[in-house]
1. Just to confirm a number: summing +1 for Lys and Arg and -1 for Asp and Glu over residues other than R126 whose beta-carbon lies under 13 angstrom from that of R126, what do you get?
2. Determine the gain in length on full extension of the stretch L114-D57; use 0.36 nm per residue of separation and subtract their C-alpha separation, reporting nm with one decimal.
3. For segment 68-150, what does the accessible surface come to per residue with a 1.4 Å probe? Please give it in Å².
4. Multiply the residue gap between Q135 and K107 by 0.36 nm, knock off their C-alpha separation, and tell me the result in nm, one decimal place.
5. Once you list every other residue whose beta carbon is under 13 Å from the beta carbon of V78, what net charge do they have if Lys and Arg are +1 and Asp and Glu are -1?
6. How big, in percent, is the set of alpha carbon pairs in segment 100-141 lying more than 11 Å apart?
7. Under a Cβ-Cβ cut-off of 13 Å, what is the net charge of the residues other than P137 that fall near it, where Lys and Arg count +1 and Asp and Glu count -1?
8. As I understand it, the dipole of segment 111-155 uses +1 on the Cβ of Lys and Arg and -1 on the Cβ of Asp and Glu, about the Cα centre. Which of L118, A141, W128 lies farthest toward its positive end?
Amino acid sequence: MLSTLFTNDVRQTLDQFRRSVDQMFDNFYGQALPSGSTASGERTWAFSPVVESGWNDHFLNLRAILPGVAEKDVRVTVQNNQLVIEGERKVPEGFNRNAFAQLAYGKFYTALTLPTGLDVDRVSCRLWNGILEIQVPMTEASKPKQIQIQTGAEPKALHA
């Protein structure tokens with residue numbers, strides 16, 4: 001009995017470790033998700049690209065990691081404060097569809113809700129080396145403004 005409990009504990013620990021490693025790879029490469037089957041019964045796969053974001057004083061900058069995706073296979077749209085990145089990563093010519101693959105192939109779709117204060121009419125995109133860069137300019141009203149600090153020997157009431 002003690003042997004069975006020990007074996008079960010080891011299995012649970014190893015299973016938890018495997019799930020952690022799978023999650024790490026999913027986060028790095030984009031999560032592979034089964035998306036259905038074709039008419040011939042062949043399983044199709046989709047993935048969700050990894051997207052990172054950052055701000056500067058003039059833009060919201062986004063980067064989607066899309067290895068092996070051609071420009072013609074990606075579409076970026078903005079509607080109702082949603083930025084949508086969609087497309088397809090196709091199996092390279094000469095690869096057997098049923099062969100071992102570490103990258104997920106198929107259609108992908110990611111929708112991001114944009115914060116207010118952005119000029120969505122002037123979004124720019126560039127795809128290079130498998131990285132889709134998106135810049136969304138801030139409106140003038142939402143850009144940071146320097147506020148002058150008053151100095152003096154004696155404090156003055158701000159609202160007298």
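1. On the way: positive: R63; negative: E71, E133.
Taking every Cβ under 13 Å from that of R126, the sum is -1.
2. Details: separation 57, 0.36 × 57 = 20.52 nm, distance 1.63 nm.
18.9 nm is the gain from fully extending L114 to D57.
3. Numbers: 6000 Å² over 83 residues.
Heavy-atom accessible area per residue stands at 72 Å².
4. Details: separation 28, 0.36 × 28 = 10.08 nm, distance 2.33 nm.
Contour length minus Cα-Cα distance gives 7.7 nm.
5. Spelling it out: positives minus negatives among the neighbours equals -1.
6. Considering segment 100-141, 76 percent of its Cα-Cα pairs are separated by more than 11 Å.
7. Working: positive: R122, K143; negative: D57, D119, D121, E140.
Counting the neighbours of P137, the net charge comes to -2.
8. The one lying farthest along the dipole's positive direction is W128.
The values are calculated or read from the model by the stated rules, or taken from the named source; none is laboratory data. Here the structure is a predicted model, which is why all the values come from computation and not from measurement. Here the Cβ is made from the backbone with ideal geometry for all residues, glycine too, and neighbour counts use every protein chain on show. Accessible surface areas use protein heavy atoms only, side chains included; no ligands, DNA or RNA. Shrake-Rupley method; radii C 1.70, N 1.55, O 1.52, S 1.80 Å.
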